[in-house]
Amino acid sequence: MTGPTQKPLPQALPADNTPNTYSGNDWHLYLVDADANAIRMPATVTTTAAAVAGATSLTVAALNAPIADNAVLDFGGVQVTVTEPAAAGATQLTVAALTGALPQNSQATTEGTLTEVPLGEQFNPDMPSNEETINVHGRTTPIRVVNGKDLTMTVRTVAGITDPVVARLKNLGRRLSPNNKVRVVLKTADGYAILATVNVAGKPTAAPNQSQRWEFTMNLSGDMYDADLNETNPAWTLIGR
């Protein structure tokens, strides 16, 4: 006995509205340079045409990041000073007169103002509100800000003390406030970012048959901002006002 003839699968696919999920471990932590007045990512500069000594412009491959004026580029010993800022994607740089010729495909990299904490094993940022509350109709209701928004975080890395970033954090962690302050940027996979000034404390942690870890605690000691990097023009917004 045969069953009814089956029809083809429906062609129209229903929309899947399940929100995207991201790993809770996919946080990246960056230290902001102490003398930085802007956040700049490293830019790679590659000349696409030769330039003679004395030239005041360079033709380059589209820049992967902006370059500030007065940035100094080192093309294998030829120092070049940028005299006008260039946006990401620019293919022309205005520079001070070259002290030497540059062949095509010469390459230089600018210094960024962010340094990533390497091999991050654990980030657990917490952003509690410190407010006085009362019960209103059985609910806890904030009535007065005490200390506003806070940020506390433990950062654990498997990189050792020979790593320059871990050494920088270790040096901060052994000082007393306010000499242990640093600005940090936290960035998640979905584009949420936090900028905060924190105090750093640090210690090595280890156990038999385990790798050494360096563990740092960071607590808010200044203003805190956040930004959504998915927006058309992301901007830092003060948290806690």
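The values are calculated or read from the model by the stated rules, or taken from the named source; none is laboratory data. Since the structure is predicted, the reported quantities are computational estimates derived from the model, not experimental observations. Here Cβ is always computed from backbone atoms with ideal geometry, including for glycine, and neighbour counts include all displayed protein chains. Areas reflect the complete protein model, heavy atoms only, side chains present, ligands, DNA and RNA absent. Shrake-Rupley method; radii C 1.70, N 1.55, O 1.52, S 1.80 Å.
Between Met153, Met127, Met218, the GNM of the chain built on Cα springs shorter than 10 angstrom shows Met127 fluctuating the most. Sites count as exposed loop sites when they are chymotrypsin sites (Phe, Trp or Tyr not before Pro), lie in a DSSP loop, and have at most 16 other Cβ atoms within 10 angstrom; the longest stretch of the chain without one is 23-235.
From the Cα gyration tensor of the stretch 17-73, with a ≥ b ≥ c the square roots of its eigenvalues, which class applies: rounded if a/c is under 1.5, or else prolate if a/b is larger than b/c, or else oblate?
It is oblate, given that a/c is not under 1.5 and a/b is not larger than b/c.
Average accessible surface for the stretch 78-228: 55 Å² per residue, computed with a 1.4 Å probe over protein heavy atoms with every protein chain in place.
The trypsin sites (Lys or Arg not before Pro) of the stretch 63-170 include none that meets both conditions, a loop assignment by DSSP and at most 16 other Cβ atoms within 10 Å of the site Cβ. Sorted largest first by accessible area at a 1.4 angstrom probe radius, with every protein chain in place, the residues Ile134, Ile239 fall in the order Ile134, Ile239. With a cut-off of 15 Å between beta carbons, the residues surrounding Thr109 carry a summed charge of -1, where Lys and Arg count +1 and Asp and Glu -1. Shape of the chain from its Cα gyration tensor (a ≥ b ≥ c, root eigenvalues): rounded if a/c is under 1.5, otherwise prolate when a/b > b/c, or oblate? Taking the square roots of the gyration eigenvalues as a ≥ b ≥ c, the chain is oblate.
Just the number, please: carbon plus sulfur as a percent of the accessible area of the stretch 85-241, 1.4 Å probe, no ligands or DNA/RNA counted.
Working: 4290 of 9200 Å².
The computed percentage sits at 47.
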